[in-house]
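Take a look at the structure set out below.
The values are calculated or read from the model by the stated rules, or taken from the named source; none is laboratory data. Only a predicted model underlies this, so the values are computations on that prediction, with no experimental measurement involved. Cβ coordinates were reconstructed from backbone atoms using ideal geometry, including for glycine residues, and neighbour counts include every protein chain displayed. With ligands, DNA and RNA removed, areas are computed over all heavy atoms of the protein, side chains included. Shrake-Rupley method; radii C 1.70, N 1.55, O 1.52, S 1.80 Å.
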Amino acid sequence: MSDVQARIDKMVKDHDVFLFMKGTPDMPQCGFSMRAVTILNHLGVDFGSFNVLSDMEVRQGIKEYANWPTIPQLYVRGEFLGGSDIMLEMFQNGELESEIKG
Amino acid sequence: MFSAARIHELLIEGLPDCRAIVRDDANDGEHFSAEVTSSAFVGLRSVQQHRLVYRALGDHMRRDIHALALKTYPPDRWPHAD
């Protein structure tokens with residue numbers, strides 16, 4: 001596993017809920033990332049986050065890690081859950097809350 | 001610049017029994033939305049269905065398409081009459 005993949009893996013494993021996003025939770029830099037943060041805040045969930053705009057290596061590496069080409073990316077207990085569309089869909093049908101608070 | 005028609009073509013080619021509606025919402029050739037169904041989606045969770053769509057779009061997803069808001073359905077829940 002390459003250095004950046006190991007770094008990503010550690011971030012994912014060290015948090016129950018972790019969001020790779022563009023910007024930060026209080027200053028999202030992209031509509032999809034903002035929607036992801038809004039959903040997590042609405043659920044009152046504590047989550048770790050990483051601003052992929054601050055690190056090009058992670059920004060590319062995360063796409064390989066999850067075999068998923070877009071940002072944001074949500075991880076729950078080390079497992080990739082999905083991007084902004086999936087989060088919204090799961091939030092609307094209640095799956096996201098049960099998955100996180102499982 | 002990329003087009004909704006081009007995305008539609010890639011989806012039809014890349015997914016079995018595919019039906020898709022692709023819109024260029026901002027009319028800027030970069031931000032698209034799509035509704036997609038395919039027989040390959042049967043029994044798959046949404047994230048797996050989306051992965052198949054991204055695979056059908058291949059490198060275009062990294063290079064040409066800035067944003068793609070995606071909604072996928074198994075064939076029996078496709079909400080559009082043809």
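Residue-level check: of (1) open to solvent by less than 30 Å² (accessible area, probe 1.4 Å); (2) over 11 Å from the mean Cα position of the chain (by Cα); (3) modelled with pLDDT of 95 or more, A:Asn41 misses just (1).
Reported count of residues in segment A:88-102, each being facing another protein chain (nearest Cβ under 10 Å) and among the aromatic types (Phe, Trp, Tyr), is 0. Of all residues in segment A:82-102, those satisfying the criterion of being surrounded by 22 or more Cβ atoms within 10 Å (Cβ to Cβ) and free of Cβ contacts under 8 Å to residues at least 40 places away in the same chain are A:Gly82, A:Ile86, A:Met90.
Mind checking which residues of segment A:72-87 are within 11 Å of chain B (Cβ to nearest Cβ) and out of contact with any Leu (no Cβ under 9 Å at 6 or more places or on another chain)?
To start, the set of residues in segment A:72-87 that are within 11 Å of chain B (Cβ to nearest Cβ) comprises A:73-74, A:79-87.
Across segment A:72-87, the qualifying residue is only A:Glu79.
Residues in segment A:9-33 that are in a helix (DSSP H, G or I) and without any contact (Cβ under 8 Å) to a residue 60 or more places away in the chain were compared, and the one that is most open to solvent (accessible area, probe 1.4 Å) is A:Lys10. Given the structure, is B:Ser3 small (Gly, Ala, Ser), in contact (Cβ under 8 Å) with a residue 24 or more places away in the chain and within 14 Å of chain A (Cβ to nearest Cβ)? Judged against the criteria, B:Ser3 is not a match.
Scanning segment A:66-88 finds no residues that are of a type outside the set (A, V, I, L, M, F, W, C) and more than 14 Å from the chain's Cα centre (by Cα).
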